[in-house]
1. Using Cα atoms only, what is the angle between the long axis of helix 57-73 and the major principal axis of the chain, expressed in degrees (0 to 90) to the nearest 10?
2. What share of the DSSP beta bridges in the chain is antiparallel, in percent to the nearest 5?
3. Just need the Rg to Rh number for the chain, please, alpha carbons only, Kirkwood Rh.
4. What whole number of Å gives the distance from the Cα centroid of segment 187-202 to the Cα centroid of segment 211-239?
5. How far is helix 20-41 tilted off the main Cα axis of the chain, in degrees rounded to 10, range 0 to 90?
6. What ranking do 85, 154, 78 get, fewest neighbouring Cβ atoms within 10 angstrom at the top?
7. Quote the FRET efficiency, to the nearest 0.05, computed for residue 41 versus residue 103 with a Förster distance R0 of 22 Å and r equal to the Cβ-Cβ distance.
8. Taking the Cα centroid of segment 51-76 and of segment 286-303, what is the distance between the two, rounded to the nearest whole Å?
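No value in this document is a laboratory result; all are computed from the given coordinates. No experiment lies behind these values; they were computed from the predicted model shown. Note that each Cβ is placed from the backbone with ideal geometry, even for glycine, and that neighbours are counted across all protein chains shown.
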Ligand code: GUN
C-alpha cells in the first residue's frame, strides 16, 4: 500500500481504550480480599437480593451478570422472581419484607418494571441503607454530603473508571448528554462535587447539541440512541465515555442481537485520547459498583 497522506490524517490517531472489564476485575479482586478478611474475623458475609419482575430478555441477562458477580466475590445472594402481572401493592409488600430481613444487606429491583407499576413508588420504598443501586432520593441527595451513604451505581462506576485511568476532572469542561434520574443527573452532580469539573448537561430539549459536545474535554453520553455522537461532534483529544446500551436486533448478529452504544465508535475513537467500548466499558463498572455498595451496606450495618 502507498504511504498514507499524513496531512489528511487526524492529529490523534492512537487512543487508549478504557477497559471497564479489566477495572471491574481489579475491583472484584479487592472485594474478594475483603470478603476473606470478613471470613477470618467471623463477620457477616454480604448478602444481595435481586427482585426481577417479568421475563424481559435484556433484564434477565443483566440479572444473570449480577448473580455471576456475587458468586465470583463470595457474596450470598437471593433471586426473587415475580410474574409481570404482580400488583404494585403486592410488590411493595415484598419490598417491606426484604427491607426488614436482617440477613439481606442490600437489594435491587431490576428495571424496567411493567407499566402498571410506578418506578418512583417502588424505588422510594427501598430502605436507603439497603438501596445498593443508589436510586432513592435520599441517596441521590447524599451525593452532595460530606459522607455519602450509597452512591448511584453507574455514575459511581464512571467516576471510578476516570480515577483509575488518571483522567483529571478538576477545571475540565465535562459535557453530559442525557439528564436521566439514574445516570445523567447524578453523574453531573458527582462531577461537580467530587470531580470539581465545569459541567454542562444536555438533554432532548437541547438545541444544537454539537455546539456543546465540541467544547467537551470529557464527553459522557447516556441517552440510548445508537450512533448519536458522530466524529464531527467531538473535540480532538477528548475523553469519551459511552453509557449507551441499546439492544439492536438483526440476523447479522450472533445470538440475533448486538449491544450498541450512543457513540459512532469507529469514526469517533481516532479523534479521542481515551474512549470506552460498548460492550466492555461502563457496563461491567455498574456491576462492580453494585458489589462495592453491597459491601459498604454490610459494613455500615455492622459498624
Ligand atoms: N436496568 C438497567 N440498568 C439497571 C440498573 O443498574 N439497576 C436496576 N435496578 N435496573 C436496571
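1. Its long axis makes an angle of about 70 degrees.
2. Rounded to the nearest five, the antiparallel share is 10 percent.
3. 0.99
4. 16 Å
5. Between the helix axis and the principal axis of the chain, the angle is about 30 degrees.
6. 85, 78, 154
7. The pair residue 41/residue 103 has a calculated efficiency of 0.75.
8. Each part reduced to its Cα centre gives a spacing of 16 Å.
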